[in-house]
Amino acid sequence: MNPLIKAGISIGAIAGVSGAGYGIYNVMQPAPKAPEKITTYASVLEGTLLTTTDDSHKDNWVARLNSLKKVKINIDLVNELNSLKIKDDADLWKELREWCKNNINNPSKGESDKEFKNIQSYCTFSIKEKIKNAIDPSTGDSDGKWATAHGKLKNIDNLKLNQTLRTARDNSDTAAGKKSVKDWCVATYSNPYKGESDPDFDNAKQICIN
């Protein structure tokens, strides 16, 4: 056989074996991992956050700032909020809004984390702000609106009530019943809005309304 032909066959055979080996190697390699999805505070708290892009929620931001200022400087606040709360500036609410804007897209560390709690407390709507026709918290204890609220409480399934509301519902004394309902509503008004399915919001929108 012609030496050139022999050489061609040998080279072709080697190339074929090499190609097959590469193919086997390729198949045996693990598939590349998909990029890990990052869960941010903004995604976890979607639908509850105040806008950070304009002044349309100014009153809400001012209310969050007032809540922040009532908190003593302690380990429950991140350093930036501890520093912010002691300032005296008419437009300080804008600094709070800016802090929220800069942090809501951070990776969420879970609901027990300090940063998560701070964002949920000071960057979201309150329960009262999401209830239509909420009874004004300054309404007197003896006002008939609270008696009506107590009556609405009695119509809610026991399984949907926490212990405080169960005690209030079972209070047969009219005056005490009205006051206990008022106390619960007023305390709940300032809680962060966590969405339509949150038990506190669900009960408040049925009980604490005109």
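Rule-based calculations on the coordinates, nothing more; no lab input. These figures come from a predicted structure and were not determined experimentally. All Cβ positions, glycine included, derive from the backbone under ideal geometry; neighbour counts span all protein chains shown.
Lysine pairs in the range 41-124 with Cα distance under 13 Å, only those 8 or more apart or on different chains: how many are there?
Working: Lys58/Lys94; Lys69/Lys85; Lys69/Lys87; Lys70/Lys85; Lys70/Lys87; Lys72/Lys85; Lys85/Lys94; Lys109/Lys117.
Close lysine pairs under the 13 Å cut-off: 8.
Whole-Å semi-axes of the range 65-210's equivalent ellipsoid, largest first, each the root of 5 times a Cα gyration tensor eigenvalue?
On the way: eigenvalues 222, 57, 33 Å².
That gives 33, 17, 13 Å for the three semi-axes.
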For Val186 and Lys117, what is the calculated FRET efficiency with R₀ set at 22 Å and r taken between the beta-carbons, to the nearest 0.05? 0.55
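Could I get the Rg over Rh figure for the range 129-208? Both from C-alpha atoms, Rh via Kirkwood, rounded to two places. Mind showing how you got there, number by number?
Values: Rg = 11.6 Å, Rh = 12.5 Å.
Rg divided by Rh gives 0.93.
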Would you please state the base-10 log of I(q)/I(0) at q = 0.12, 0.13, 0.19 1/Å for the range 41-124, with intensities from the Debye formula using one equal scatterer on every alpha carbon? -0.31, -0.36, -0.79
Label point 7 Å beyond Cα of Glu46 along Cβ direction - residues of the range 73-113 with amide nitrogen under 18 Å: 104-111
Note to self: C-alpha centroids of the range 146-182 and the range 42-64 sit apart, in Å, by 32 Å
Rh by Kirkwood over Cα pairs, then Stokes-Einstein D for the range 77-125 at 0.890 mPa s and 25 °C, µm²/s: 217 µm²/s
Mean Cα-pair separation over length for the range 41-124, i.e. relative contact order, pairs under 8 Å, 6 or more apart, %: 45 percent
